[in-house]
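Here the structure is laid out as structure tokens; the discussion comes afterwards.
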Amino acid sequence: MRDYDDEPIQRPKWLGWLIIIGMVVVVLGLLNLGVRLYIGTPADQSTAQRMQEMVQQRPELAQGQAYMDGSDCMRCHGIDRKFVGPSFLQVADKYRGQNDATAYIARKIREGSVGVWGNTIMPRHPQVTQEQAEGMADWILAIPPKTGE
Ligand code: HEC
């Protein structure tokens, strides 16, 4: 008899806790996301900022940067972040020691690529001229490596 009487009172309490726990989980999830975004952004900015300084030191890079800005590259690549394709910092780190790096990257930009970084295809850019592609390649290769960390 007792158990039966208690039940209607116990149940709503339980539900209440369940809802509170659910909300806490959601809030923690949002906080986690917020912290990730917050931590992610300054890191991106710092490489981008150091790249801006580099362009000031080497004005010949400004043209390549303008070509990049005028193209669709940043839809799939970040300077510091991997999205659809590798980050340009990763690309720079991979090829900066290579003699033919400018020509190689310029060719990849114009002809597209697949299989080097994964199975996602980078589309061709036939509208980009050889001169523009080389300018972009030099800009990518000039991205300064990460210091410390
Ligand atoms: C639709 C998405 C997309 C766009 C737009 C795009 N890329 Fe890519 N890019 C990729 C993917 C995916 C890869 C990896 C391809 C692979 O694994 O071979 C890649 C790879 C690269 C590489 C490395 C190639 C290698 O052999 O290591 C360079 C350099 C590059 N992209 C530059 C550019 C530039 C410059 C632009 C703008 C003109 C651009 N990308 C636009 C998706 C894109």
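The values are calculated or read from the model by the stated rules, or taken from the named source; none is laboratory data. Not measured: the values here are computed from a predicted model. The accessibility values were calculated without ligands, DNA or RNA, using every heavy atom of the protein model including side chains. Shrake-Rupley method; radii C 1.70, N 1.55, O 1.52, S 1.80 Å.
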(request) Could you estimate the translational diffusion coefficient of the range 69-149 from the Stokes-Einstein equation, with Rh from the Kirkwood formula over C-alpha pairs, at 20 °C and 1.002 mPa s, in whole µm²/s? (result) 166
(request) May I have the count of lysine pairs in the chain with C-alpha atoms under 21 Å apart, counting pairs 8 or more residues apart or located on different chains? (result) 5
(message) Output the 0 to 90 degree angle, nearest 10, between the alpha-carbon long axis of helix 2-57 and the longest principal axis computed from the alpha carbons of the chain.
(response) 10
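With a/c under 1.5 counting as rounded, go ahead and sort the range 84-129 into rounded, prolate or oblate using the C-alpha gyration tensor (a ≥ b ≥ c being the square roots of the eigenvalues; past the cut-off, prolate if a/b is larger than b/c, else oblate).
Values: a/c = 2.00, a/b = 1.13, b/c = 1.78.
Oblate is the answer for the range 84-129, as a/c is 1.5 or above yet b/c matches or exceeds a/b.
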(request) Provide Met68, Met122 ordered by accessible surface of protein heavy atoms (probe 1.4 Å), highest first. (result) Met122, Met68
(request) Report the accessible area of Ser46, computed with a 1.4 Å probe over the heavy atoms of all protein chains in place, in Å² rounded to the nearest 10. (result) 50
(request) Would you rank Glu134, Glu111 by solvent-accessible area, highest first, keeping every protein chain in place and using a 1.4 Å probe? (result) Glu111, Glu134
(request) Given the options Val128, Val24, Val91, state which has the largest fluctuation in a GNM of the chain using a 10 Å cut-off (strictly under) for Cα springs. (result) Val24
(request) Compute the accessible area per residue over the range 2-141, keeping the other protein chains in place, probe 1.4 Å, unit Å². (result) 70
(request) Under a 10 Å cutoff between Cα atoms, tell me which one of Asp69, Asp93, Asp138 has the largest fluctuation in the Gaussian network model of the chain. (result) Asp69
(message) For a quick check, take a GNM of the chain with Cα springs below 10 Å and name the residue from Ile21, Ile105, Ile121 with the largest mean-square fluctuation.
(response) Ile21
(request) Enter the angle in degrees (range 0 to 90, nearest 10) between the Cα long axis of helix 130-141 and the first principal axis of the Cα atoms of the chain, meaning the one along which they spread out most. (result) 60
(request) Evaluate 2.2 N^0.38 Å with N set to the residue count of the chain, then give the Cα radius of gyration divided by it. (result) 1.70
(request) Please calculate the 1.4 Å probe accessible area of Leu30, with all protein chains present, and give it to the nearest 10 Å². (result) 110
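Tally up the carbon and sulfur contribution to the accessible surface of the chain as a whole percent, 1.4 Å probe, everything protein left in place.
Working: 6270 of 10530 Å².
With neighbouring chains kept in place, the figure for the chain is 60 percent.
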